[in-house]
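To start, the structure under review is shown below, and the notes come after it.
A short reminder: the numbers here are calculations on the coordinates, not readings from a lab. Just so we're clear, the structure is a prediction, and the values are computed from it rather than from any experiment. Cβ sites come from the backbone with ideal geometry, for glycine too, and all protein chains shown count toward neighbours.
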């Protein structure tokens, strides 16, 4: 099983599971990861996801022996996953959360190497926790390929422009401390505390009103780059249905009655 997908208490756990290959993205992993994100999006009981990797790597990027040759046409489809990718090339972009509409929040727990496509997956997450041994890099230019998981768009918006360009053009790595200093990750913790910290954040989000959480993420993502007047108008469009929801009545009522709220996502 190249991706372990589990659900518990409104939290979806997505774990890349090819430790022998540093969790590199082969066709089977891409298809399984894309399917997991679709299921997470469509399951109303799931409110937040945590993505991580098995072993000492988060994800070392595309499998250069299996996935890239298939994409470039240097290798013909052999497995069912190969054929699925050939039939639907968007699966690889969906796996990396590129151009995939997902308004539920995703937390990355980066336990080691997050290279190339692995780093691009981190960029697509909303909150990032890294272990002290985490390492990040966009190495595509070294192999004459393009980081087409969204890095040329996302990275310059997430860290200072000059640093983003340096990493994109040189393929150099940066460590967990540099990632924290630049604001690329929110926390750096010892490896044995990584999942506990990610779960701590996920549980806080899962306890909040799911309609409000989704609308807040959608507003932030869609309003980036819009003129202030247009962005404020769109914020209002997204906010009003939340205020009219059953959950919006439950929240203040629970506060007044000094009890935990019971949100239903309605």
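Going highest first, how would you order 104-116, 230-242 by mean Cβ packing within 10 Å? Could you put the intermediate results ahead of the total?
Working: 104-116: 26.0, 230-242: 13.4.
Going from most to least packed, we get 104-116, 230-242.
Between the Cα long axis of helix 228-243 and the first principal axis of the chain there is an angle of about 60°, rounded to the nearest 10.
Entry note: region 1-54 has Rg to Rh equal to 0.99, where both radii use alpha-carbon atoms and Rh is the Kirkwood radius. How many angstrom separate the Cα center of region 174-197 from the Cα center of region 223-265? Using only Cα atoms, the two centres lie 31 Å from each other.
Divide the volume of the convex hull of the Cα atoms of region 43-108 by its number of residues and quote the answer in cubic angstrom per residue.
Working: hull volume 8.6 nm³, N = 66.
Expressed per residue, the convex hull around the Cα atoms of region 43-108 is 130 Å³.
Seen against the Cα atoms of the chain and their longest principal axis, helix 27-42 is set at about 10 degrees. According to the Cα-based calculation, Rg over Rh for region 134-211 is 1.07, with Rh computed by the Kirkwood formula. Only beta bridges with both residues in the chain are counted; by DSSP, about 30 percent of them are antiparallel. Here, P(r) means the percent of Cα pairs in each 5 Å bin from 0 to the largest distance; for region 168-215 it is 5, 16, 16, 19, 16, 13, 10, 4, 1.
Tell me, Kirkwood radius of region 5-141 from alpha-carbon pair distances, in Å? Walk me through the intermediate numbers first.
On the way: mean 1/r = 0.0670 Å⁻¹.
Hydrodynamic radius (Kirkwood, Cα pairs) of region 5-141 is 14.9 Å.
Using the Cβ-Cβ distance between residue 44 and residue 71 with R0 = 45 Å, the FRET efficiency computed as 1/(1 + (r/R0)^6) comes to roughly 0.85.
P(r) tail for region 81-185, what percent of Cα pairs lie past 22 Å? When every Cα pair of region 81-185 is considered, 29 percent fall beyond 22 Å. Size descriptor for region 210-256, Kirkwood hydrodynamic radius: 11.4 Å (Cα pairs only, one decimal). Rounded to the nearest 10 degrees, the angle from helix 194-206 to the longest Cα principal axis of the chain is 40 degrees.
Report Rg(Cα)/(2.2 N^0.38 Å) for the chain, keeping two decimals.
On the way: Rg = 19.2 Å, N = 266, 2.2 N^0.38 = 18.4 Å.
Normalised Cα radius of gyration, the chain: 1.04.
Each stretch of four or more DSSP H residues adds -39500 (n - 2.57); spread over every residue of the chain, this sum gives -13500 deg cm²/dmol at 222 nm.
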